[in-house]
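Engineer: Sharing a structure with you now.
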Amino acid sequence: MPTITRLSPGSYAGQVDNLAAVLADAVAHGASVGFRDPFGACDAAAWWRTREPAVRDGSLSVWIAEDGAGVVGTVSLALEGKPNGRHRGEVLKLMVHSLARGRGLGRALLDTAERAAAGAGATLLLLDTATGSPAERLYETSGWTRYGIVPDYAADPAGTLEDCSFFYKRFAGEALDRAGAR
C-alpha cells in the first residue's frame, strides 16, 4: 500500500506537478472532477496552484499517496470556517491514478480524510460524485448516505451532462470548534 502523507504549507508547492499528473490522468480517463477536455498537466498545475493559499491558511488539507512510482493518489478536506458550521467539512478531489486503481487506495485516502475531520472535531462530512461512477460505490460501501441526485449537474470531460449524487457521513461525538471549546 502506498504511503499517505499530509502536505504541509512548506511542502505543497513542491508537489504541485505530481498532483497535476494525477488530476490530468483522472480527467483523461473521464472523471467528472470539474474540468473539460482539452485539459493537460499545465492546466492541472495551474489549478493546484490556486489552492495553495487555502493550504497555507489551513482551510484546506491535501494528502498525497506515494509508492515506488511516485504520487498515485490524492484527497483534500475543507473544514467549514463559519461559526455555525464548524462541525462540518467537505471531502474534495479524491483521485487515484489509473495505474494504481483497484487496490484499495481510494478507500485508504477516504479513511485518512475522515479520520482527520473527526480529529478536528467535525461530526458531519459532505461530498459529491458523478452518479453511477465507481466512486459512488466506494462511498456507499464506506458508510456514506446519499441524500439526493441532481440531474444534469455537471459536464464530464467530453461535455456530456451527468447527474450528480450528494452524500453525507455523520460521526459520533460532540463537535468542537477550532479553538477546542464545546
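Any read-out appearing in this document is the output of simple, stated calculations on the displayed coordinates, not a laboratory observation. Every value quoted in this text rests on a predicted model; they were computed, and no experiment measured them. Every residue, glycine among them, receives a Cβ derived from its backbone with ideal geometry; neighbour counts consider all protein chains shown.
Engineer: How far, in nm, would the chain grow between Asp43 and Tyr153 when pulled straight, counting 0.36 nm per residue and subtracting the alpha carbon separation? Don't skip to the end; give the middle numbers.
Structural biologist: Values: separation 110, 0.36 × 110 = 39.60 nm, distance 2.25 nm.
Here the segment from Asp43 to Tyr153 would lengthen by 37.4 nm.
Engineer: Averaging sequence separations of C-alpha pairs under 8 Å and six or more residues apart, then dividing by the length of region 3-170, give the relative contact order as a whole percent. Each step should come with its number before you reach the end.
Structural biologist: Numbers: 308 pairs, mean separation 36.8, N = 168.
Dividing the mean separation by the residue count of region 3-170 yields 22 percent.
Engineer: Among Ala13, Ala69, Ala46, which one shows the highest mean-square fluctuation when the chain is modelled as a Gaussian network with alpha-carbon springs under 10 Å?
Structural biologist: Per the Cα network of the chain with a 10 Å cutoff, Ala69 tops the list.
Engineer: By how many nm would the segment from Glu66 to Asp17 lengthen if fully extended, with 0.36 nm per residue of separation less the alpha-carbon distance?
Structural biologist: That works out to 16.3 nm of additional length.
Engineer: Under DSSP H, which helices of the chain have Cα atoms covering 24 Å or more of the helix axis and a Kyte-Doolittle average no less than -0.5? Please report the intermediate quantities before stating the final value.
Structural biologist: On the way: long enough: 41-57 (25 Å, -0.73).
Helices passing the filter in the chain: none found.
Engineer: Can you tell me what share of the DSSP beta bridges in region 3-170 is antiparallel? A percent to the nearest 5 is fine. Can you show the working numbers first?
Structural biologist: Values: 32 of 35 bridges.
In region 3-170, approximately 90 percent of DSSP beta bridges are antiparallel ones.
Engineer: Also, I was wondering about something else. If each of Arg103 and Asn84 carries a label point 7 Å out from its Cα toward its Cβ, how far apart are those two points in nm?
Structural biologist: With each label point 7 Å from Cα toward Cβ, the separation is 4.6 nm.
Engineer: Test of understanding: in a Gaussian network model of the chain with alpha carbons linked when under 10 Å, which of Asp152, Asp17, Asp128 would top the mean-square fluctuation ranking?
Structural biologist: Asp152
Engineer: Now for a separate question. In whole angstrom, and with the biggest value first, how far do the Cα coordinates of the chain range along each principal axis?
Structural biologist: Between the extreme Cα coordinates on each principal axis of the chain lie 47, 39, 30 Å.
Engineer: Please report the net charge: other residues with Cβ closer than 10 Å to the Cβ of Val27, K and R +1, D and E -1.
Structural biologist: On the way: positive: Arg36; negative: Asp25, Asp37, Asp43, Asp156.
Net charge in that neighbourhood comes out at -3.
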